[in-house]
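**Student:** Have a look at the structure that comes next, please.
The values are calculated or read from the model by the stated rules, or taken from the named source; none is laboratory data. Note that this is a predicted model, so its numbers are computed, not measured. We place every Cβ from the backbone using ideal geometry, glycine too, and count neighbours over all the protein chains shown.
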């Protein structure tokens, strides 16, 4: 994936228009990345055989721990990273449940 570079680095911004332009650029990149992540969530919903495989507490904590480690390396505040990822994970799990139910209609009726 190719992402456009910042026209104005954050430390060189002198006006709010520059800041807003760069935030909008980053938001477009984030949407693209989250959309790609969603395709893997949908693959998981298709692949998993049982509804109780969709929410795995150990995996949630594993993902959060990896994100927090990367956040530290990248200089992202853990106070931002952790709640954002926990919400993202919760929403992705809900979406995965929907996909799982569509892919496994007979089992979904029983679950």
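**Student:** If residue 4 satisfies every condition in (1) surrounded by fewer than 11 Cβ atoms within 10 Å (Cβ to Cβ); (2) at pLDDT 95 or above; (3) in contact with a helix residue (DSSP H, G or I) (Cβ under 8 Å, 6 or more places away or on another chain) but one, which is the exception?
**Tutor:** Going through (1) surrounded by fewer than 11 Cβ atoms within 10 Å (Cβ to Cβ); (2) at pLDDT 95 or above; (3) in contact with a helix residue (DSSP H, G or I) (Cβ under 8 Å, 6 or more places away or on another chain) one by one, residue 4 breaks only (2).
**Student:** If we scan region 81-96, do we find a residue that is surrounded by 13 or more Cβ atoms within 10 Å (Cβ to Cβ), touching a residue at least 24 places away in the same chain (Cβ under 8 Å), more than 15 Å from the chain's Cα centre (by Cα) and under 23 Å from residue 31 (Cβ atoms)?
**Tutor:** No - not one qualifying residue is present in region 81-96.
**Student:** Next up: Being surrounded by 12 or more Cβ atoms within 10 Å (Cβ to Cβ) and either under 13 Å from the mean Cα position of the chain (by Cα) or in contact (Cβ under 8 Å) with a residue 60 or more places away in the chain (or both): is that true of residue 67 here?
**Tutor:** Working: surrounded by 12 or more Cβ atoms within 10 Å (Cβ to Cβ): yes; either under 13 Å from the mean Cα position of the chain (by Cα) or in contact (Cβ under 8 Å) with a residue 60 or more places away in the chain (or both): yes.
So residue 67 fits the description; yes.
**Student:** Across region 7-51, what is the total count of residues that are in a helix (DSSP H, G or I) and touching a residue at least 40 places away in the same chain (Cβ under 8 Å)?
**Tutor:** Keep residues of region 7-51 that are in a helix (DSSP H, G or I), which gives 10-12, 16-47, 51.
Cutting the leftovers down to touching a residue at least 40 places away in the same chain (Cβ under 8 Å) gives us 34, 37-38, 41-42, 44-46, 51.
Summing the residues that are in a helix (DSSP H, G or I) and touching a residue at least 40 places away in the same chain (Cβ under 8 Å) in region 7-51 gives 9.
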